[in-house]
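As structure tokens, the structure follows; a few thoughts come after it.
The values are calculated or read from the model by the stated rules, or taken from the named source; none is laboratory data. Being a predicted model, the structure only gives us computed values, none of them experimental. Every residue, glycine among them, receives a Cβ derived from its backbone with ideal geometry; neighbour counts consider all protein chains shown.
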Amino acid sequence: MLTTHFALSNELDYLQKFLVQNGTNQWNYLPEDGINQQFKRLAVGADYCLVAKDGEYIVGLAIYCKLGDIPGFFDHHVSRNDVIYVAEVVVHSQWSGKGIGSTLLKQIAITAKELGANELLISRHEQNLASAGMMRKAGFTELDCFSDPQRRQSGSRKTSILSLNLNT
């Protein structure tokens, strides 16, 4: 049975390893310094991490930022005041394709609406079909796709920006 909870401080070291082990692939931009910074932000409560478990096993995680804290490449798409950015969604390969990622995104949407957000934003490599399916299943629609060679080292080297309107 799948359950979710907010990451506990004593889980952060394991979750960081989980992210690297299960999130590293040709499509994801996961620089070591960025991951370290992300987990420092989680440790001090600047960001949030939702954890999915199947029984005792962690099978997925999703990291999202506080209301209005979004990367600069979203600036021409949204106002920062009522938006929450989802930084990472990772599912263990043995549990992929079972709706865990979209379940985490739907949980974040519920929490985001309670926090006063009107929209969730997320990004992915344009050609990451697994992420595309997860995001589509959770209700996200594409806003833009742009050349992003600094963050994307394979394929088209493009980033897609997606949005989920929380007012519909």
Only unsatisfied item for Trp95, checking (1) in contact (Cβ under 8 Å) with a residue 60 or more places away in the chain; (2) at negative phi; (3) touching a strand residue (DSSP E or B) at 6+ places or on another chain (Cβ under 7 Å), is (1)
Can you find, within region 1-29, the residue that is nearest to the chain's Cα centre (by Cα) among those that are among the aromatic types (Phe, Trp, Tyr) and part of a helix (DSSP H, G or I)?
Phe18
Consider Arg41 against the criteria (1) touching a residue at least 40 places away in the same chain (Cβ under 8 Å); (2) under 16 Å from Tyr85 (Cβ atoms); (3) more than 13 Å from the chain's Cα centre (by Cα): it satisfies all of them except one. Which criterion is unmet?
(1)
Of the residues in region 148-168, those that are within 16 Å of the chain's Cα centre (by Cα) and β-branched (Val, Ile, Thr) come to Thr159, Ile161
Would you say Arg157 is at pLDDT below 90, in contact with a Lys or Arg (Cβ under 9 Å, 6 or more places away or on another chain) and not small (Gly, Ala, Ser)?
no
Failed condition for Asn36, given (1) exposed (fewer than 15 other Cβ atoms within 10 Å of the Cβ); (2) in a loop (DSSP other than H, G, I, E, B), with all others met?
(2)
What are the pairs, 6+ residues apart or on separate chains, where a residue within region 143-168 that is loosely packed, with under 12 Cβ neighbours inside 10 Å has its Cβ under 6 Å from a residue that is aromatic (Phe, Trp, Tyr)?
none
Filter result for Tyr14 (farther than 29 Å from Asp82 by Cβ, surrounded by fewer than 18 Cβ atoms within 10 Å (Cβ to Cβ) and among the aromatic types (Phe, Trp, Tyr)):
yes
